[in-house]
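Enquirer: Could you have a look at this structure, given as structure tokens, before my questions?
The values are calculated or read from the model by the stated rules, or taken from the named source; none is laboratory data. Everything numeric in this text was worked out from a predicted model, so none of it was measured. We place every Cβ from the backbone using ideal geometry, glycine too, and count neighbours over all the protein chains shown. We work out accessible area using only protein heavy atoms, side chains counted, and drop any ligands, DNA or RNA first. Shrake-Rupley method; radii C 1.70, N 1.55, O 1.52, S 1.80 Å.
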Amino acid sequence: MAELPEQFLDRMKEQLGEEYEAFLASYEQESYAGLRVNTGKCTVEEFQKLVPFALHPIPWTEKGFYIEKTEQATKHPCYYAGLYYIQEPSAMLPASRLPVEPGERVLDLCAAPGGKATELASRLEGQGLLVANDVSASRAKALLKNLTMWGCTNFCVTAETPEKLLARFGCFFDKILVDAPCSGEGMFRKDRGLIASWMERGPKEYAVIQKQILDCALAMLRPGGMLLYSTCTFAKEEDEDVIADALARHPELELVQAKGAEGLSSGYPPCEKALRVWPHRAKGEGHFLALLHKKGERPVKRAEKVRKSVNGKVPKAVEEFLPMLPERLWKGRTLRQIDEQCLLLPAGVDLPDGLRYLRTGLLLGTCKKERFEPSQALAMALAADQYPNVLDLSTEDPRVQRYLKGETIEYAETEPLKKGWVLVCVAHQPLGWAKCAGGTLKNKYYPGWRMQ
């Protein structure tokens, strides 16, 4: 394997011993593709009936399936309806091993592009709060899109450093996921382009950054809370050594045994309770994760953060629209208008000022001159039976493709629609909005998402 760095190969030979040849042989094999089902929109069984792909279960998550790379998975209407997320199989492991419960406050600290954040959102079931952060504003935009497509309502997206989040939130979160930036060794097979960056910035440089990030994250974790640290590298310097260092400096921490599965391996001493994915033992790329518990009692009353700005009078057009929506979306939530945008903030949580927010809560829509226009985000948060004016199309209906391309579509007399806003669905799942007038539907599908 001449293209792999000699320094990397020498270390892996020492690290793996008699397994080294099998490890090396795995680089001659193709990497694996996978998808994860959005169980907030449909069950796994329902999903399997909807799509034509050959699906093979991933052993470490009941929501994940291997798919052939030749499948046009990002072209299927169910993809646009947010029913699944394309994700490398081993990358599905970290979020599945953080024991998130509905109603908790959860932080995904290095969240872009959103594969792990969308799973955390599913586990919250619309209750509590998910803060999804990425230090890069451009990457955070992709994160926002994926959470929106997933139908998330109880989240905010920030683009800040860990230090800035700590300064504003303090000790605030019940559960935290730190999928730390790393040297990327575990993805060499999938993306050989990562080798060049490894040559420039190896494990030693990343380990310093990882310890700093982990320290900030631990300071934001409440007593009794849990943090999952993960990387996609093989280097013990970035994995077990980082965890061992944290345990030595933070006596309130303990390493918890993460749930195993077929193909998964234990970490190296002293972190045997951690998990590893090796490409020669499992159908996936390289991954490491460790689950940490912060000892102590959970506070009976949580300290609330205060955001001083309070929404004024709710626009009349919004008041008239809200009753058409299910109560789960708006009951108990705060409606805030910022310029023309109307936002529904998660119930029971006030967010701190002074952070770069890309989104706070569910974008209900925009209000212009007493005229309300529902958002794409709202459409994705609904279901076909949760809005009174719906056009529900089959996956084979040619109007689906035309709608996703932004074209005007028509409806039949057997599809009685009322004048006004129509929720366009495929297989009972929302795609977006249209405006009904004169026998045609003016397409309101978000331009930036259109099918090419």
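Enquirer: Bins of 10 Å, beginning at zero and ending with the bin holding the largest distance: percent of Cα pairs per bin for the stretch 1-127, please.
Expert: Calculated over all Cα pairs of the stretch 1-127, the distribution is 11, 34, 28, 19, 8, 0 percent.
Enquirer: Using a 10 Å cut-off on Cβ atoms, rank the peptides 175-185, 196-206, 13-23 from the highest mean neighbour count down.
Expert: 175-185, 196-206, 13-23
Enquirer: Looking at the stretch 352-398, what % of the alpha carbon pairs are farther apart than 17 Å?
Expert: When all Cα pairs of the stretch 352-398 are counted, 57 percent exceed 17 Å.
Enquirer: On a 25 Å Cα-Cα criterion, which of the cross-link pairs LYS41/LYS331; LYS145/LYS418; LYS175/LYS283; LYS69/LYS175; LYS368/LYS444; LYS41/LYS190 come out too long?
Expert: As for pairs spanning more than 25 Å Cα to Cα, those are LYS145/LYS418; LYS175/LYS283; LYS69/LYS175; LYS41/LYS190.
Enquirer: Here is a follow-up. If Lys and Arg each add +1 and Asp and Glu each add -1, what is the summed charge of the other residues whose beta carbon sits under 14 Å from the beta carbon of ALA73?
Expert: With Lys, Arg at +1 and Asp, Glu at -1, the net is 0.
Enquirer: For a quick size check, give me the Cα extents of the stretch 63-196 along its three principal axes, largest first, whole Å.
Expert: 46, 36, 27
Enquirer: Report, to the nearest whole %, how much of the accessible area of the chain belongs to carbon and sulfur atoms, 1.4 Å probe, protein only.
Expert: 50 percent
Enquirer: How do the peptides 208-219, 77-88 rank, highest first, by the average count of neighbouring beta carbon atoms within 10 Å per residue?
Expert: 77-88, 208-219
Enquirer: Turning to a different aspect of this structure: Using heavy-atom solvent-accessible surface (probe 1.4 Å) with all chains present, what is the largest-first order of LYS41, LYS369?
Expert: Output order, biggest surface exposure first: LYS369, LYS41.
Enquirer: Per residue and in Å³, how big is the convex hull formed by the alpha-carbon atoms of the chain?
Expert: With only Cα atoms used, the chain gives 146 Å³ per residue.
Enquirer: Still on this structure, I have one more. Using the heavy atoms of the protein chains alone and a 1.4 angstrom probe, what is the accessible area of the chain per residue in square angstrom?
Expert: Heavy-atom SASA per residue in the chain reads 44 Å².
Enquirer: Another question, if that's okay. Restricting to the chain, what percent of DSSP beta bridges are antiparallel, rounded to 5?
Expert: 70 percent
Enquirer: Right, next: Which semi-axes, in whole Å and largest first, does the equivalent ellipsoid of the stretch 137-267 have when worked out from the alpha carbon gyration tensor as the square roots of 5 times its eigenvalues?
Expert: Ellipsoid half-lengths, sorted descending, are 24, 22, 17 Å.
Enquirer: Which log10 I(q)/I(0) values, to two decimals, does the stretch 118-207 give at q = 0.12 Å⁻¹ under the Debye formula with one point per Cα?
Expert: Cα-only, vacuum Debye calculation for the stretch 118-207: -0.50.
Enquirer: Less than 15 Å Cβ to Cβ from ARG139, Lys/Arg counted +1 and Asp/Glu -1: what total charge do the surrounding residues give?
Expert: +1
Enquirer: Oh, and also: In whole angstrom, and with the biggest value first, how far do the Cα coordinates of the stretch 25-64 range along each principal axis?
Expert: For the stretch 25-64, the Cα extents along the three principal axes come out at 39, 21, 12 Å.
Enquirer: Using helices alone, what [θ] at 222 nm do you get for the chain, with -39,500 (n - 2.57) per DSSP H run of 4 or more residues, divided over all residues and rounded to the nearest 500?
Expert: Calculated at 222 nm, the ellipticity per residue is -7000 deg cm²/dmol.
Enquirer: Rg/Rh for the stretch 325-452: what does it come to with C-alpha atoms and Rh from Kirkwood?
Expert: 1.01
Enquirer: Right, another one. Any chance you could check the Cα centroid distance between the stretch 375-427 and the stretch 121-142 for me, in angstrom?
Expert: Cα centres, the stretch 375-427 to the stretch 121-142: 27 Å.
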